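Undergrad: Let me begin by handing over the structure; questions about it come next.
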Amino acid sequence: ENALNRLERTLTHADQAQVRTIEQQLQRLCNSLAPERKPQERVLSIVSFLFEQGWDMIPRLLAVMELEDFGLQEIEL
């Protein structure tokens, strides 16, 4: 009986650890997609992307963007 109780506690702790890990990953994803629950472009400036992607980001953006299209454009960096 003690061994079964120990096994149950071990499995419960393992499940709780997995749930916490998944919750943390989801929170990081939500914070990346919508920091402060606002659209990225309302919170993050181009400077943060330049530091992350490098200064050649602007020429790469110009190469893939439709400059005459003023609608929303989705670009993968």
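Undergrad: Considering only protein heavy atoms and a probe of 1.4 Å, how much of the accessible area of the chain is carbon and sulfur, as a whole percent?
TA: Of all accessible area on the chain, carbon and sulfur atoms account for 56 percent.
Undergrad: Give me the percent of Cα-Cα pairs in the chain that sit more than 16 Å apart, rounded to a whole number. Mind dumping the intermediate values first?
TA: Values: 2058 of 2926 pairs.
Looking at the chain, the distances longer than 16 Å represent 70 percent of pairs.
Undergrad: How large is the dipole of region 38-77 about the Cα centre if only Lys and Arg carry +1 and Asp and Glu carry -1, each at its Cβ, rounded to the nearest 20 debye? It would help to have the intermediate numbers written out before the result.
TA: Values: 3 positive and 8 negative charges, 52 e Å.
Using Cβ point charges on Lys, Arg, Asp and Glu, region 38-77 gives about 240 debye.
Undergrad: I've got another one for you. Under unit Cβ charges (Lys, Arg +1; Asp, Glu -1), what dipole magnitude, rounded to 20 debye, does the chain have relative to its Cα centre? Each step should come with its number before you reach the end.
TA: Values: 8 positive and 13 negative charges, 101 e Å.
In debye, rounded to 20, the chain gives about 480.
Undergrad: Now for a different question. Name the residue from Leu11, Gln27, Pro39 whose Cα lies farthest towards the positive end of the charge dipole of the chain, charges +1 on Cβ of Lys and Arg and -1 on Cβ of Asp and Glu.
TA: Leu11
The values are calculated or read from the model by the stated rules, or taken from the named source; none is laboratory data. Just so you know, these numbers come straight off a predicted model, no measurement behind them. Heads up, the Cβs are rebuilt from the backbone with ideal geometry, glycines too, and the neighbour counts pull from every protein chain shown. Surface areas here come from the heavy atoms of the whole protein model, side chains and all, with no ligands, DNA or RNA. Shrake-Rupley method; radii C 1.70, N 1.55, O 1.52, S 1.80 Å.
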